[in-house]
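Everything below concerns the one structure shown next.
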Amino acid sequence: MSKRRGIGRVTLALAIVLVLVIAGFSYALFSFSQQAPSPTIVQTQTIVTTISQIPTTIVQTVTTPQITTMVQTVVTTPGPQVKNPNTLVIATIGDVESLDPAWAYDTASAEAIFNVYEPLIFFKIDPSLPAEKRGLTGEFEPRLATEWVWDDPRTVRFKIRENVVFHCGDTLTPEDVEYSFERAMVQDRDGGPVWLLLEPLLGVSSTRDDEGNIAVSFDDIDKAVEVDGQWVVFHLAHEFPPTAFLQIIAQSWGSIVSKEWAIEQGDWPGTAETWQQYNNPETPPLQNKMCGTGPFKLESWEPGVQYVLVRNDNYWRPPAKLERVIVKVVDEWTTRKFMLLSGDADMVVVPRQFVPELEGTACEGLTSTCPTGIRFVKDLPSLSVDAFFFTLDISTDSEYIGSGQLDGNGIPPNFFEDPDLRKAFAYAFDYETYIKDAWLGEAIRPCSPIVQGLAFFDPQAKCYTFNLDLAREHFQKAWNGQVWEKGFQLVLLYNTGNVARQTAAEIIKKNVESINPKFKIEVRNVDWPVFLRSMIQRKLPIFFIGWLADYPDPHNFYQPFFHSSGTFAQWQGYSNPQVDELIETAAKSTDPAERQRIYRQLDSIYYEEAISIPIDQPSGRHYERDWVQGWHYNPIYPGTYFYTIWKGY
Amino acid sequence: MSGDLRSYIIRRLLMVIPVLFGVSILIFSVVQLFNPIERAALFIRSEREAANVEGIIRKYGLDQPIHIQYFTWLSEVLRGNLGWSKVVSKPVLDALVTFLPATAELTLYAAPITILLGIYLGKKAAVHKDKAIDHATRTLAIIGWSMPTFWLAIMLLAIFYGYFGGLFPPDRLSVEASIYVQSGKFIRYTGINTIDALLNGQLWIFVDALRHLVLPTLTLVVVQVALLMRVMRSSMLEALGQGYVVAARAKGLDLKTVIDKHAGRNAMIPVATLSGLLVSGMLSGVVITETVFNYKGVGWWFVRAASQLDIPSVLGFSIFAAVLFVITNLVVDLLYAYIDPRIRLT
């Protein structure tokens, strides 16, 4: 037998052939797939646009919309390089939870809902403004209502648009509107959005008491919304700021569903006898199906994977320019990035930490084309705020307070009851460095829960600044000097993956420990469930959390932050009757001057109390291929409004 | 099929029942280590949903004693309801049916290539022990085995999708193909795109699906083939050192026959075991590959469910995985008897 040396000739030849075959196969596959049927390219489209002008006064007695119609010819001539010219593809990270407008309380679900369903009125879109400012938050334009009238501060009526057809074929009636709002209140799931409707309409935040028993009568629900001919009348439980009410019903939970269709799907039949059976369901009957009146219809929804919307050609306004929208959930950033670079995705979500990866690849500004085909706009204002909160009454069995005593090895449960200590921490936080590190400089520093963009925002509101000398002074005064003398030890928790909270915790640790070597802070990360549980059970001495506007009114921020029944204040164990009264009065006032005065007063108390310290109001970025046209931004939108978008150059 | 064999298969399949009980009780017990609020976190995706956590706990019975929770779940399972998968907002059974085809398709291509390549390379390396080809394959095996899957997948994506202008894209289908598949013109027989495309006579969709399969398949093959190759090599080396191989060669049988028929067949037993594990492992999900290539399969679903404490999903998946492992092991045992007729299944 001859002795073989190295790789045999046959094997070598086989290897070369294999490589050639793979290369050829790859080329063949690529070339062949290019021959796949491609969608027809629309060359020219004539679009009729209706522009509505709505009076902007806050309290309206009679609103008569002046409708002007103009014919605008938009020539969309997508060149051969525009991928999928009639289909918008978005690669995102948010996963739709439910397609039922009464159930959905997350932005991903609401994005699908507000493109398929429609509310009575919508936030005004002003085409004369730049794309990033085009969506207004305090002015409205008609949708399924043609006009609306405030009879008195507790009664508002909407005239329902005629000749509007639902995707499933039913014609819109005032009864559908009444049913939609009553159905939402009947459903009112735990942790859902319906409290936003219940507060102004029934004066309660839930249809159930603390034990889970029904606490309202059907009569209350029935009388809150009534049909009067072609009009639907809303009876408010108490006076409520009119703009705030309109802001609430202009969102996804104010969507109008077809009564007949909903009942066919097994939803509440609209009767008093059975309503309790439909309260707080485990899964709503409209969970995965939609029948709206909007510019797009649901074609398919694969939870966790994607949803597809197709154009509603029978829309009561001119049909949308896009034929189809595909919103894909793509968890991995690198995959999303390559999808955008290759043009397979028209828009992608870019988390803050990955922004540098697109430096030099994307051009700033939405008005021009870019050699790389990708452009972005930054500094999009958000209506959200992050803050750190002090727990005044920490649970004694907390594992994050060391010995539980002021002996240098822990902290007592009431450690943060002393305002000097809270102020010391506020002065020890380096706000500028935090915004630079955690948000790459793309955030602003809010001073109170009334963030920029909300009514009654005070640019002069008092703010804590980074000042270690003042921090030292307050530490020395705290607990009559005992804190300074004995020192303390505590644990700061953040939920894994939240880079901003991690940065904030590390900044606190570094600065506070630098003031006195007896101060010791440990930064620890835990998963979201543990973080949430620890926060709710008052185990965290300090917790980091954020708030995103449900509707752009100061009440929606001061209530959770400062009212004793507010979500965060409850977790902190904070209660101040004077503050509660001010918040409640402002919430019910229809007088803007009075509201402004109260909110200024609340800002002042909030600063003095230093019960929580706002640290950032992030601004966002939007990335898109430069063939995408017509995108616009509104900070209160849950996502992209597809109706105004088309593709082409 | 003989009566013995039939009763053997039935006995093995019946084993799945105690396995399922064991698995479900174990999972329920482990879950009780988590506080009800932690389990309620599944239903709270943002701060604003956290306002009424007590209501959520009450509604889903998260504070009920373990035996009540278990029997509630069991009674539903016996009625054919595996529960609601919160993480993908659909019934557990639907979720399984939705995500299994993607994983099955990936396995359909990756498993045979991995097994055949592993056997071939292992055999080659053993026959050419300590020669260049042996060193080369062993080095490749070490590189493949030690390469982090995540890194490899990202690199492949960067090269073949990013650099080569979308040659092998992620996802399961391109936009044009998925629009066509969603239309009424395309009938979904199996959920496996390549098979459905052929059954519908749409060659371009078959090619499109194949393009999307290249990178995830390659990733799996590179990572998995190493182990199989190493086992095949050592098993083959052991077989080649046996007296019957020397005897066969001494009798004048040609080398190829001795390697393939005598040594090769005997060396296959451990490889068959490993292949079974490999197939069932792939079928029960390859999380990283599925995530990077946005190829949403059961592995992606399970990890999402487990990380969010979505108990019905975890239990549903575990039932699926247990059944899968029992069946795969059964198939492997049957293969033993085929490979080595001396083995009797009783």
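The values are calculated or read from the model by the stated rules, or taken from the named source; none is laboratory data. Worth saying up front: this structure is predicted, and the values here are computed from it rather than measured. Note that each Cβ is placed from the backbone with ideal geometry, even for glycine, and that neighbours are counted across all protein chains shown. What goes into the accessible areas is simple: the full protein's heavy atoms, side chains included, and nothing from ligands, DNA or RNA. Shrake-Rupley method; radii C 1.70, N 1.55, O 1.52, S 1.80 Å.
Quick grid of which residues meet (1) crowded, with 19+ Cβ neighbours inside 10 Å; (2) modelled with pLDDT under 95; (3) facing another protein chain (nearest Cβ under 8 Å):
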{"site": "B:149", "(1), (2), (3)": "no, yes, no"}
{"site": "B:167", "(1), (2), (3)": "yes, yes, yes"}
{"site": "B:178", "(1), (2), (3)": "yes, yes, yes"}
{"site": "B:195", "(1), (2), (3)": "no, no, no"}
{"site": "B:199", "(1), (2), (3)": "no, no, no"}
{"site": "B:207", "(1), (2), (3)": "yes, no, yes"}
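Out of A:540, A:532, I need the residue that is aliphatic (A, V, I, L, M), assigned to a loop (DSSP other than H, G, I, E, B) and assigned by TED's automatic domain parsing to the domain that holds residue A:454. Which one? After ruling out the rest, the residue left standing is A:540. In the condition set (1) touching a residue at least 60 places away in the same chain (Cβ under 8 Å); (2) open to solvent by 30 Å² or more (accessible area, probe 1.4 Å); (3) closer than 28 Å to residue A:620 by Cβ, residue A:431 is compliant with all but (2).
Between B:171, B:134, the distinction of being charged (D, E, K, R), assigned to a helix (DSSP H, G or I), out of contact with any strand residue (DSSP E or B) (no Cβ under 6 Å at 6 or more places or on another chain) and modelled with pLDDT of 90 or more belongs to B:134 only. Could you please let me know if residue B:80 is away from chain A (no Cβ under 13 Å) and on the phi > 0 side of the Ramachandran plot? Here the answer is yes, as residue B:80 does meet what is asked. Residues that are more than 7 Å from chain A (Cβ to nearest Cβ) and not hydrophobic (A, V, I, L, M, F, W, C) within the range B:153-164 comprise just one, B:163.
Annotation: of all residues in the range A:133-153 being open to solvent by 20 Å² or more (accessible area, probe 1.4 Å) and either in a helix (DSSP H, G or I) or among the basic types (Lys, Arg) (or both), the one that is nearest to residue A:222 (Cα to Cα) is A:134.
Applying the condition of being in a loop (DSSP other than H, G, I, E, B) and either within 20 Å of residue B:279 (Cα to Cα) or β-branched (Val, Ile, Thr) (or both) to the range B:181-193 and asking which residue is nearest to the other protein chains (Cβ to nearest Cβ) yields B:191. For the condition more than 8 Å from chain B (Cβ to nearest Cβ) and either buried (at least 20 other Cβ atoms within 10 Å of the Cβ) or assigned to a loop (DSSP other than H, G, I, E, B) (or both), residue A:356 does not qualify.
Is it the case that residue A:376 is outside the structural domain of residue A:507 (by TED's automatic domain parsing) and open to solvent by 10 Å² or more (accessible area, probe 1.4 Å)? The answer is yes for residue A:376.
Would you check if residue A:538 is open to solvent by 20 Å² or more (accessible area, probe 1.4 Å), touching a residue at least 40 places away in the same chain (Cβ under 8 Å) and within 13 Å of chain B (Cβ to nearest Cβ)? In short, yes.
Quick one: in the range A:253-274, of everything that is polar (S, T, N, Q) and crowded, with 22+ Cβ neighbours inside 10 Å, which residue is farthest from the chain's Cα centre (by Cα)? Top of the filtered list is A:258.
In the range B:43-76, the qualifying residues are those that are in contact (Cβ under 8 Å) with a residue 40 or more places away in the chain and either more than 8 Å from chain A (Cβ to nearest Cβ) or hydroxyl-bearing (Ser, Thr, Tyr) (or both), and the one that is farthest from residue A:549 (Cα to Cα) is B:74. Return a yes/no flag: does the range A:288-310 have any residue that is within 17 Å of residue A:188 (Cα to Cα) and either touching a helix residue (DSSP H, G or I) at 6+ places or on another chain (Cβ under 7 Å) or buried (at least 17 other Cβ atoms within 10 Å of the Cβ) (or both). Among the residues of the range A:288-310, not one is within 17 Å of residue A:188 (Cα to Cα) and either touching a helix residue (DSSP H, G or I) at 6+ places or on another chain (Cβ under 7 Å) or buried (at least 17 other Cβ atoms within 10 Å of the Cβ) (or both), which makes the answer no. Hey, could you check the range A:592-649 for residues that are open to solvent by less than 20 Å² (accessible area, probe 1.4 Å) and of a type in the set (Asp, Glu) and say which is farthest from residue A:380 (Cα to Cα)? Here the answer is A:603. Test residue A:130 against the criterion of being out of contact with any His (no Cβ under 7 Å at 6 or more places or on another chain), surrounded by fewer than 20 Cβ atoms within 10 Å (Cβ to Cβ) and either farther than 29 Å from residue A:272 by Cβ or within 14 Å of chain B (Cβ to nearest Cβ) (or both), and give yes or no. In short, yes.
Please tell me if residue B:82 is among the hydrophobic types (A, V, I, L, M, F, W, C) and outside any helix (DSSP H, G or I). Yes, satisfied. At least 1 residues being under 21 Å from residue B:179 (Cα atoms), within 12 Å of another protein chain (Cβ to nearest Cβ) and free of Cβ contacts under 8 Å to residues at least 40 places away in the same chain is the threshold, and among the strands (runs of 3 or more DSSP E) wholly inside the range A:278-344 those reaching it are A:296-302, A:306-311. Residues in the range B:274-314 that are within 12 Å of chain A (Cβ to nearest Cβ) and of a type in the set (Ser, Thr, Tyr): B:289, B:291, B:295, B:307, B:313. Residues of the range A:393-414 that are open to solvent by less than 20 Å² (accessible area, probe 1.4 Å) and within 34 Å of the chain's Cα centre (by Cα): A:394, A:398, A:400, A:401. Restricting the range B:1-58 to residues that are assigned to a loop (DSSP other than H, G, I, E, B) and either modelled with pLDDT of 80 or more or polar (S, T, N, Q) (or both), which is most open to solvent (accessible area, probe 1.4 Å)? Among residues in the range B:1-58 that are assigned to a loop (DSSP other than H, G, I, E, B) and either modelled with pLDDT of 80 or more or polar (S, T, N, Q) (or both), the one most open to solvent (accessible area, probe 1.4 Å) is B:33. Does residue A:377 satisfy the criteria of being within 14 Å of chain B (Cβ to nearest Cβ), in contact with a Leu (Cβ under 9 Å, 6 or more places away or on another chain) and in a strand (DSSP E or B)? Criteria not met by residue A:377. Looking across A:450, A:521, A:507, one residue alone is open to solvent by less than 60 Å² (accessible area, probe 1.4 Å), among the β-branched types (Val, Ile, Thr) and either part of a loop (DSSP other than H, G, I, E, B) or within 14 Å of another protein chain (Cβ to nearest Cβ) (or both). It is A:450. Restricting attention to the range B:254-271, the residues that are touching a helix residue (DSSP H, G or I) at 6+ places or on another chain (Cβ under 9 Å) and open to solvent by 10 Å² or more (accessible area, probe 1.4 Å) total 11.
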